[in-house]
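Worksheet for the structure shown next.
Quick note: the coordinates plus some simple rules give every number you see, no bench work behind them. Quick caveat, the model's predicted, so the values are computed rather than measured. A quick note on method: Cβ atoms are made from the backbone with ideal geometry, for glycine too, and the neighbour counts reach across all protein chains shown.
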Amino acid sequence: MQVDLHRPVTELAPGERLHEQVMTANDPQSGLRCVIAIHDTTRGPAFGGCRVWHYANKGAALIDALRLSEGMSYKNALADLPFGGGKAVVMRPPGAFDRASLFTAFGKFVESTGGRYITAEDVGSTTEDMRNVARQTSFVSGLPRDGRFGGDPSPKTAYGVFVAMEQAVRMHLKRSIARTTVAVQGLGAVGMSLCERLHDAGASLVVADIDEARTRDANSRFGARVVSVERILMEPCDVLAPCAMGAVLNGQTVMVLNSAIVCGAANNQLAAADDGDALHDRGVLYLPDFLVNAGGIISVAREYLGQGAETTVMQEIGGIGRRVSELLERSENRAPSRVAVSWAREKLDAVAT
Ligand code: NAI
């Protein structure tokens, strides 16, 4: 996992908010070692998923939690949700471990926040894990809900990314998605669902994943051309869709990308804010992850509020396309990555005052 270790976490840019609260849990019995970071609750309780990952050390886990929770504040604000930004990061225990016991302990930790933090799935956690969390706390979403709207948010995230991509292709390349080649990095829950939508819409696909079974599947189902994980970021294409892990747009990669647009699901794609400027200077249109990947949080938020129904949630996610147009209009000649952060902070300030 690459994280932005270059920027000291104490350095605050103008307008940047310090995290409200950061909590850690250490439970030797279940093996739970976890950080919950609450970035901002101006708009409501902090809402964001639970990532389970192999972190090299606790510093890497902490930095990831800080970055991801800040991104959730911007995501929830731009999506006009009544929630603030938070995230949980669980250091995956080495070797085999008892998932039920780990997520039971995690559920108790979430409960101890008294509702200041609400959790759901993210990379490394599943719907089944959230069921175990739900036995300990009601501050959880992304669950099958017996006849009511709910469950795995990944297809909703993929839909939001697809809508954003369609809009960007229309505005920036002046054509339809059917006449584009899209390179998808990562064929997990979101990436594979995105490939399916793109294939149905007539786009050509190039894909890579560290898991060969997934690339074989994408090749047989969608006729996707498979390239190596080293190659995918520099593959000539119209749109690059990072759908694996963060920090893929960094000092090394932004200069060798071969796409006109970057629009994908992965959180924290930019290793540092300057990488967004470098993409802009190269004429690559980068659509900020926290704007385009909001479909999942919209889904779990509406489920949590008991306001969800498939059609209305899909309509709300469709609004991401309009926000992409607004971002491009607001950006004029500035980097959209910077403009999107200012836009989100404006929304936070508007509620705070
Ligand atoms: P996932 O864990 O189901 O899939 C990730 C995929 O990326 C896996 O197939 C994995 O093998 C692959 N991968 C890992 N490292 C790779 C590399 N170096 N090169 C190529 N492939 C690699 O995760 P999911 O749920 O599909 O999420 C993908 C990204 O989207 C994550 O960054 C996540 O935080 C973000 N996201 C997901 C949401 C959701 O609803 N699931 C919501 C918003 C953001």
What number, in percent, do you get for the relative contact order of the chain if the mean sequence gap of Cα pairs under 8 Å and at least 6 apart is divided by its residue count? 16
Taking the Cα centroid of segment 289-336 and of segment 202-253, what is the distance between the two, rounded to the nearest whole Å? 24
Amide proton proximity set for residue 53, modelled H, under 5 Å, gap of 5+: 90, 92
Relative contact order of segment 170-245, pairs being alpha-carbon contacts under 8 Å that are 6 or more residues apart, as %: 40
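What is the percent of Cα-Cα separations in the chain that go past 31 Å? Numbers along the way, then the final one.
Values: 17891 of 62128 pairs.
Cα-Cα pairs of the chain separated by over 31 Å account for 29 percent.
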Count the lysine pairs in the chain whose Cα atoms sit under 25 Å apart, keeping only pairs 8 or more residues apart in sequence or on different chains. 9
Angle, helix 212-222 long axis vs. longest principal axis of the chain, Cα atoms, 0 to 90°, nearest 10? 50
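Taking the Cα centre as origin and putting +1 on Lys and Arg beta-carbons and -1 on Asp and Glu beta-carbons, what dipole magnitude results for the chain, to the nearest 20 debye? Please report the intermediate quantities before stating the final value.
Working: 37 positive and 40 negative charges, 57 e Å.
With only Lys, Arg, Asp and Glu charged at Cβ, the dipole is about 280 debye.
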What whole-number value in cubic angstrom gives the convex hull volume per residue for the C-alpha atoms of segment 40-191? 148
For segment 277-353, what's the relative contact order in percent, using C-alpha pairs closer than 8 Å and at least 6 residues apart? 40
